[in-house]
Every structure is written in structure tokens, then in C-alpha cells.
1. With respect to S274, determine if the residue is hydroxyl-bearing (S, T, Y), within 29 Å of D145 (Cα to Cα) and over 21 Å from the mean Cα position of the chain (by Cα).
2. Those residues that are in a loop (DSSP other than H, G, I, E, B) and closer than 18 Å to S47 by Cα, I need them from region 1-18; list them, please.
3. Could you list all residues from region 73-88 that are among the basic types (K, R) and either under 19 Å from the mean Cα position of the chain (by Cα) or surrounded by 15 or more Cβ atoms within 10 Å (Cβ to Cβ) (or both)?
4. With (1) in contact with a His (Cβ under 8 Å, 6 or more places away or on another chain); (2) within 29 Å of H20 (Cα to Cα) as the list, and R134 as the residue in question, which single condition is left unmet?
5. Just give me the residues in region 226-262 being under 26 Å from the mean Cα position of the chain (by Cα) and in contact (Cβ under 8 Å) with a residue 60 or more places away in the chain, in sequence order.
6. Given the conditions (1) exposed (fewer than 13 other Cβ atoms within 10 Å of the Cβ); (2) within 24 Å of the chain's Cα centre (by Cα), report the number of the one that L203 does not fulfil.
7. Any residue at all in region 50-65 that's over 25 Å from E104 (Cβ atoms) and touching a His at 6+ places or on another chain (Cβ under 9 Å)?
8. So which residues in region 104-141 are surrounded by fewer than 15 Cβ atoms within 10 Å (Cβ to Cβ), closer than 24 Å to E5 by Cα and not acidic (D, E), if there are any at all?
Amino acid sequence: MILEELSILNYKNIEEAELHLSPGINCFVGNNGMGKTNLLDTVYYLSFCRSYTNPVDSQIIKHDADVCMLQGKYLMKDEARVEIYCGLKRRQKKQFKRDKKAYEKLTDHYGLIPLVMISPADNELITGVSEQRRKFMDMAISQYDKEYLRALVNYGKALQQRNALLKNEEGAIDPTLLELWEEQMVVSGAFIHQKRMLFVEELTPIFNDFYTRISQSTEEVSLEYISQLTDSDFGNRLVENRQRDMLLGHTTVGVHRDELEMLLNEHPMKKVGSQGQSKTYFVSLKLAQFHFLLKTGQNVPILLLDDIFDRLDANRVEEIVKLVSGPGFGQIFISDTNRESLDKIVERSHDNYRIYTVEDGAINPMKE
């Protein structure tokens, strides 16, 4: 999977850009706040129909503009070329097209362009709420499993309907309707639970290997999937909790309350990890996700590395450089505030790279 050309119009602080990209490594260098992360975010948006950093579409349109446009031209593994277009206008529904044909549902696009992004914001996987960790599992699995994505959508609708019934203040709840939505939750929830459990089992040893290589230590990292469905019948639990759920006005049992516990030497990472250990942890976790997608998908994922070398010691930076410069990785986009780490990477990539400067949203090739 190669992004050959990228066109940007009015995306955050990037007014206009036309980039012809390297199939290997693309480096973007500039000071903080100049637009490096915004550039990588456009690549992310074309894969997931949403921003990595801002969930509100209207806020990604440049503040003095009414229209935003992204267009990417991709070379697939089978040598086919695909053009992806996204257009946004204020107060209108966004358009997403593949080869000039609009998608009926945005979920139909999901997984076409596998991608993994690693950024300082990923520390939220460790320190943030459980929803962040469920989202990590869901986005990873959904990129290669359409049935899982459908189960997520169905579960979400059923959960929303059950919660609406529980909040009904006009009278008694229709038990037939309640049972209908609970049945849908049970079917979809069981499928989601099984897929998440298998994902964590397969991801953990890959993750541990990356952490060991980057940290060059004997520290052991692990992931523990915690779910209310593991040792109980989901349908029975829903029935048993109805009265409590009616009082609270929401559903208290289900896969929407799952947790992915992140451990270092059998202790919660968020309690015992230093800054360097935490950064190594989430970088290793995302690289493991990359290799999981590589193993399960048809196309090599695109890898985005946004300012990840800061606050890592020289040895850890060197190990990450070795990893991403080695076999198994395809097209890579890297942003940083200085060229030291970037130069180490491009030295290993020979002529298969391009370097750009980013200043006040202007992106220009750097003359060597």
C-alpha cells in the first residue's frame, strides 16, 4: 500500500499542498505548531474518514475557509491504483469517494487503506479512561474484519435503544421491546468478546518482543483483557441487572464496559511506569498492532510516526530506527522538530526517502 500523491486544501493550518511522495520514507521537519501533525493527520483522515486529533469535522476546516478537500492516489498491492477523495463544507454532510464514486456508508471504506499512527497522544492508552483502550482494540480489529465492525455497529444501536427504554419516564417499559434489544446485544456482544480475546492473546507476545528490543531490558510487559462476559452468561446478567439499570438509567453490563489492563512486570503501567517506559510501551504496542495488521491483511499498512523520539534516550531511539528501517515495513511518514533522528533513518534507507520542511502550514521539499 503506497500513497503516491496527496492533495490538501484548507486542512487546519495547511492552506494548499500538492505532494508527490516517496514509496519509502517521507520526513517532515519543522518547529512545533507549524503543521507537521496536521499533515500526518490528513493521511490518517483518508484511511479512517476522521481526524486522529479532533473528532469535530467542522473544526478541521481552516478557520477562514468554508471548504476543505483531501485527495490521495494509492498504489495497491495488486498494482491497482485507487483514488480517495474527501470534501467537507461547513454545515453540510462530508463527501467520501473512491474512484469518483461516493460511498453509501463510510464503514464501507474502513479497512481499505490499513494504517497505524503513533503519536505522543497515545500515552492516553495508558493513563486515560477505559474507552480509549476499547477504541484501540476496535480500530485494530475492524481494519481487517468487516464482520467485527458490523457487530460493533449493531451492538451500539441495541445498547442505545435499551438505554432509551431504561430512561423512559412516561410509564412501564415494554418487556417485549426490552428483550428484543437485549437479544441483539447478546449476539453481537458475544462475537465482539470472542474477537477481542483472540486479538489480545495474539498481540501480547509480539508486543512483548518489541518492548524488549526497544528497551533492551528484561522488563516484562503484558496485556490483560477484562470483561464481564468472560465467566458469565451475558443474557442472564442483563436480566438480573434490569431493576438496577432502570434506577440508574443505563446498561451496567456488557462489552461496552470491557477493559484492557496494561501491565509492566505484573503491575499497572500507569502506576509504575516512568516517562521513558510509558513512551516505549505505547510505541511497542502500536508497532505490534502494525505487525498484526501486516499478518492478517492483504496490503502493507502505512505507518505514521508523529514526534515520537522526544524524551527517549539515544539507545531507544536507535532501536526504533533499526526496527522501522528494516524489512517488514512499507511506506512511512515521520515528523520531528530536528533532523538528527531523521538523518539516522534515511541513512539506512539509501535513496528511498524524501524530506520536507513545514513552516506555518507551507510544505516544501528540502533540497539536499
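The values are calculated or read from the model by the stated rules, or taken from the named source; none is laboratory data. Keep in mind that what you see is a predicted model, and the values were worked out from it rather than measured. As a convention, Cβ positions derive from the backbone with ideal geometry for all residues, glycine included, and neighbour counts pool all protein chains shown.
1. Taking the combined requirement at face value, the residue does not satisfy it.
2. Step one: of region 1-18, the residues in a loop (DSSP other than H, G, I, E, B) are 1, 12-13.
Residues satisfying the conditions are M1, K12.
3. Initially, region 73-88 is screened for residues among the basic types (K, R), giving 73, 77, 81.
K73, the sole residue that qualifies.
4. (2)
5. Just the residues of region 226-262 that are under 26 Å from the mean Cα position of the chain (by Cα), to begin with: 226-230, 253-262.
If the condition is that a residue be under 26 Å from the mean Cα position of the chain (by Cα) and in contact (Cβ under 8 Å) with a residue 60 or more places away in the chain, then G254, V255, H256, R257, D258, E259, L260, M262 are the ones that fit.
6. If we test L203 against (1) exposed (fewer than 13 other Cβ atoms within 10 Å of the Cβ); (2) within 24 Å of the chain's Cα centre (by Cα), just (1) comes out false.
7. Narrowing region 50-65 to residues over 25 Å from E104 (Cβ atoms): 53-54, 59, 62-65.
Narrowing the set further to residues that are touching a His at 6+ places or on another chain (Cβ under 9 Å) leaves none.
Scanning region 50-65 turns up no residue that is over 25 Å from E104 (Cβ atoms) and touching a His at 6+ places or on another chain (Cβ under 9 Å).
8. L106
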